[in-house]
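These notes are about the structure you will find just below.
The values are calculated or read from the model by the stated rules, or taken from the named source; none is laboratory data. Computed from a predicted structure; not experimentally measured. Positions of Cβ are backbone-derived with ideal geometry, glycine not excepted, and every protein chain shown enters the neighbour counts. Only protein heavy atoms, including side chains, enter the accessible area calculation; ligands, DNA and RNA are left aside. Shrake-Rupley method; radii C 1.70, N 1.55, O 1.52, S 1.80 Å.
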Amino acid sequence: MSIDCPPPGWFRAPGGAERAWVGLALAWCVVMTIMMPFWHFRGKQNSTGESYAVTPAQFAERVGKFVDAHQVGEDEGWPVVEPPPGGDAYLQAQMWSWYPILKLRKGQTYRLHMSSMDLQHGFALLPLNMNFQVMPGYDHVLTITPTQTGEFQVICNEFCGIGHHLMTGKLLVE
Amino acid sequence: MPGNHLPGLVRACDTTGLPVCLDAQRFIRLHAVMAVVFLLIGGVAAILLGLTRWPAVHLLPADWYYRVLTLHGLNMLIFWILSLEIGILYFAGTTLLNSRLASTKLAWACFGLMGAGGALANVIVMIGKGDVLMTSYVPLMAHPLFYLAIILVAVGALIGVINYFATIYIARRDQTYEGSVPLVVFGATAAAIIAVFTLLHGAVVMVPTFLWSLGLVKTIDPGWYRLVWWGLGHASQQINVCAMVSVWYLLATLTTGAKPLNQAVCRAAFVFYILFINIASAHHLLVDPGVSATWKIWNTSYAMYLAVLASMIHGFTVPASVEVAMRRKGHDKGLFGWLAAAPWKNPGFSAFFLSLVIFGFGGGITGVTLGTQQINILAHNTLRIPGHFHMTVVGGTTLAFMGLCYYLVPLLFQREFHLRGLARVQPYLFAGGVTFMAMGMSFAGSYGVPRRHWDVDFTGATFPAGFDASAHLMLGVLGVGAVLSFLGLALFIGLTVAAVFTGRSNRGAPMAAW
Ligand code: HEM
Ligand SMILES: [Cu+2]
Ligand SMILES: [Cu+2]
């Protein structure tokens with residue numbers, strides 16, 4: 001019984017169905033273990049975790065320069081900014097907005113920099129459903145290539161205070 | 001083997017004949033009562049949350065939603081489960097090893113600190129000074145007493161764990177048992193070992209955060225906080241798994257007389273939990289900046305799957321031991337005749353077996369899926385995450401602990417349950433409700449619906465956003481499941497409280513068979 005001290009000699013190798021199951025489960029775990037790095041390189045859809053230290057003030061300055069250099073329009077008073085293909089794009093998270101509106105081109109590759117001015121935020125791109133953590137002090141760089149055109153919504157999915165549900169933004173792909 | 005009890009401080013159990021240390025019994029009762037109080041608070045919070053996430057009802061205003069969410073996470077995941085686990089440790093260390101509890105002073109300190117910390121945390125959150133959710137990710141800041149309350153609970157739990165190790169030590173020293181410890185004690189010890197390094201992580205992250213909230217430390221790095229916090233947050237889930245699996249073995253024995261097939265296999269699986277689970281906590285950081293892809297992959301692949309292997313082993317050995325026991329009793333018809341003949345009307349058995357199924361199939365499969373780097377990008381911070389853990393820690397651990405209570409009350413409070421028909425139904429109601437709710441959460445999350453979010457229609461936001469009708473339907477499923485599981489939970493609390501305070505005493509006679 002599991003509540004009694006086992007009789008002497010309890011330590012023995014598994015046999016029969018139990019042994020087969022342990023072997024099967026282990027083999028499956030090995031497959032899964034290999035799949036993870038395999039798909040990282042094969043699928044080429046994962047973040048490499050590229051990131052740099054940055055203070056909120058430094059990041060805000062870069063965002064400001066980026067907007068000044070590449071603004072192409074305005075929507076609801078928010079700048080629409082089109083980064084050069086192959087270049088850097090910036091997205092600033094702040095209670096409770098995503099700044100600015102980015103306009104990207106299908107098939108071009110960008111380095112998307114994200115950081116927060118205050119609390120932790122969650123970058124969530126809908127309806128594609130892609131989610132990344134955005135934190136103050138970290139310049140989180142994602143190398144992205146849009147494969148679909150359209151208007152995408154950015155929402156926040158890390159709790160960031162009472163206005164968390166109001167934190168939305170926009171991303172355009174042409 | 002003679003025990004080491006002082007005269008007058010031990011009784012023989014009227015049902016099993018096992019020795020019951022009366023000191024341990026007192027503290028197990030105290031911890032069980034405290035646990036159920038926390039479960040009640042968490043349960044009231046649960047139904048309020050369920051009715052808020054159900055868009056057609058959308059009950060709470062935004063500030064109260066986040067407040068109640070904080071309350072729910074703390075009371076359920078930490079206070080309810082941890083309080084009961086300390087009781088389980090006391091039981092395993094004394095009754096199963098034929099020993100006395102090492103120290104009543106330590107036991108009082110543990111109970112007092114956990115109770116005081118839990119009460120303080122509830123007060124601070126209720127008065128609106130701790131709207132930071134259970135994870136309290138910096139730089140979100142709560143009142144210093146919020147962090148102090150968590151530290152008190154953790155220190156209290158650590159003292160309880162130390163008392164358990166001291167009990168094992170004196171049992172060994174006084175030779176109250178022979179050979180190796182029973183399997184349930186082995187599993188409980190694995191839980192206790194994991195608890196030690198979990199609580200140490202807790203200290204490493206919570207103490208500086210407490211000082212920061214007092215203004216004594218200038219900044220806390222948010223990436224560092226997440227790394228260490230999840231060393232606490234994830235590893236502590238392995239305490240729950242170890243405790244739950246030990247309870248499965250215990251209930252399998254109590255309800256069907258099951259014996260483990262091969263003790264070495266079961267024990268090795270517990271050792272896997274100890275060795276691998278801490279590094280596996282990297283799966284919480286799969287979409288974080290600051291940690292490299294290599295680090296993420298290394299830690300979430302081999303380490304996580306070896307911990308998963310352990311669960312897969314228990315997922316085989318536990319039902320297999322029940323099968324063998326049932327067949328031995330003559331229920332030998334066909335492939336599943338043993339299962340059909342199992343004591344499904346015994347809430348101890350049904351809670352245990354449903355817990356096994358929900359944890360194994362629902363929780364396990366979603367967990368492994370969500371823990372892969374690729375899928376995590378789709379799932380991070382969506383409702384798929386609470387969908388997963390309501391099948392592990394609620395449909396799994398909490399349900400198993402409910403099953404345990406159907407034996408704990410008659411055996412250690414020596415009181416019988418009233419309304420036994422309702423008790424027989426309770427595990428099914430709770431299991432069904434939780435499964436339904438978790439499915440609603442998981443499917444809504446797969447459309448991208450965020451967790452911890454008050455308004456999925458984004459009313460008043462600068463740029464419109466939202467979800468289609470199918471996502472709303474799934475949030476409705478969440479709501480209906482929440483109502484059902486809340487009814488199951490309320491029924492459990494009602495039956496247990498009624499039994500403890502007004503149940504017929506069974507002193508001097510075996511407990512009424514379920
Ligand atoms: C009657 C049973 C329960 C119901 C109806 C319920 C419902 C919910 C709901 C609706 C949420 C909010 C999800 C969101 O909006 O993000 C939630 C969160 C949560 N629940 Fe439960 N729950 C129940 C029992 C439990 C139990 C027993 C535990 C732990 C042992 C638990 C642990 C949690 C945790 C850790 C969270 C996440 C809190 C956070 O995001 O900070 N729940 N639950
Ligand atoms: Cu935000
Ligand atoms: Cu937010």
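Relative to the longest principal axis of the Cα atoms of chain B, the long axis of helix B:183-213 makes an angle of roughly 30 degrees.
Per residue, the protein assembly as shown reaches -18500 deg cm²/dmol at 222 nm when only DSSP H runs of four or more residues are counted, each adding -39500 (n - 2.57).
Averaged across A:151-163, how many Cβ atoms of other chains sit within 10 Å of each residue's Cβ atom? Walk me through the numbers on the way to the answer.
Values: counts 1, 1, 7, 2, 10, 3, 10, 10, 15, 3, 6, 7, 4.
Counting Cβ atoms of other protein chains within 10 Å of each residue's Cβ and averaging gives 6.
Considering only A:P79, A:P136, A:P14, the mean-square fluctuation computed in a Gaussian network model of chain A, springs between alpha carbons under 10 angstrom, is largest for A:P14.
Relative contact order, whole percent, for chain B stands at 15, derived from Cα pairs under 8 Å and 6 or more residues apart.
Which sequence of B:R504, B:R173, B:R100, A:R62 reflects their accessible areas, 1.4 Å probe, from the largest down? Walk me through the numbers on the way to the answer.
On the way: B:R504 150, B:R173 125, B:R100 65, A:R62 90 Å².
Solvent-accessible surface, decreasing: B:R504, B:R173, A:R62, B:R100.
Quick one: which of A:K44/A:K65; B:K259/B:K345; B:K129/B:K218; B:K105/B:K129 span more than 23 angstrom between C-alpha atoms?
Numbers: A:K44/A:K65 31 Å; B:K259/B:K345 21 Å; B:K129/B:K218 20 Å; B:K105/B:K129 33 Å.
Listed pairs above 23 Å: A:K44/A:K65; B:K105/B:K129.
Axis angle, to the nearest 10 degrees, between helix A:56-70 and the longest C-alpha principal axis of chain A: 50 degrees.
Tell me the net charge near B:L339. Cut-off is 15 Å between Cβ atoms, B:L339 excluded, with +1 for each Lys or Arg and -1 for each Asp or Glu. Walk me through the numbers on the way to the answer.
Numbers: positive: B:R327, B:R328, B:K329, B:K333, B:K345; negative: B:E323, B:D332.
Combined, the nearby Lys, Arg, Asp and Glu give +3.
Measuring with a 1.4 angstrom probe and ignoring ligands and nucleic acids, B:K345 comes out at about 150 Å² accessible.
Over the stretch A:50-173, Cα pairs under 8 Å with separation of 6+ residues give a relative contact order of 27 percent. Here the simple spin-label model places points 7 Å from the Cα toward Cβ, and for B:L211 and B:A469 these points are separated by 5.8 nm. Comparing B:F401, B:H388, B:L419 along the charge dipole axis of the stretch B:343-514, the residue lying farthest to the positive side is B:L419, per the Cβ-charge model.
If I compute solvent accessible area with a 1.4 Å probe over the protein chains, what percent of it on chain B is carbon and sulfur? Don't jump to the answer; show the numbers that get you there.
Details: 12460 of 17370 Å².
Carbon and sulfur: 72 percent of the exposed surface of chain B.
Shielding value for A:45-52 is 6, the average number of Cβ atoms from other chains within 10 Å of each residue's Cβ. Taking a straight Cα-Cα cut-off under 19 Å and skipping sequence neighbours fewer than 8 places away in the same chain, the aspartates and glutamates within cross-link reach of A:K170 are A:D68, A:E74, A:D75, A:E76, A:E82, A:D88, A:E151, A:E158, B:D455, B:D457, B:D468.
Excluding B:L71 itself, calculate the net charge of residues whose Cβ lies under 14 Å from the Cβ of B:L71, where each Lys or Arg counts +1 and each Asp or Glu counts -1.
Here the count lands on +1.
So with the 1.4 Å probe, I'd like the accessible area per residue for the stretch B:343-514, rounded to whole Å².
On the way: 5710 Å² over 172 residues.
For the stretch B:343-514, the per-residue accessible area is 33 Å².
Note on B:365-374: average number of Cβ atoms from other chains within 10 Å of each residue's Cβ is 3. Report note on the peptides B:241-248, B:435-442, B:209-216: ranked by the mean count of other C-beta atoms within 10 Å, highest first, their order is B:241-248, B:435-442, B:209-216.
Add +1 for every Lys or Arg and -1 for every Asp or Glu among the other residues with Cβ under 15 Å from the Cβ of B:F492, and state the total. Kindly include the intermediate steps, with their values, before the conclusion.
Details: positive: B:R420, B:R424; negative: none.
Net local charge, B:F492 excluded: +2.
Rounded to the nearest 10 degrees, what's the angle between the helix B:347-357 long axis and the longest principal axis of chain B, both from Cα atoms, 0 to 90? Tilt relative to chain B: about 50 degrees.
The distance linking the stretch B:207-279 with the stretch A:87-156 is 34 Å (Cα centroid to Cα centroid, whole angstrom).
Spin-label model, B:A56 to B:K129: label points 7 Å out along the Cα-to-beta-carbon direction sit 4.1 nm apart.
What is the interface area between chains B and A, defined as buried accessible area summed over both chains with a 1.4 Å probe, reported in Å² to the nearest 100?
Details: alone 20440 and 11270 Å², together 25350 Å².
Answer for the B-A pair: about 6400 Å² buried.
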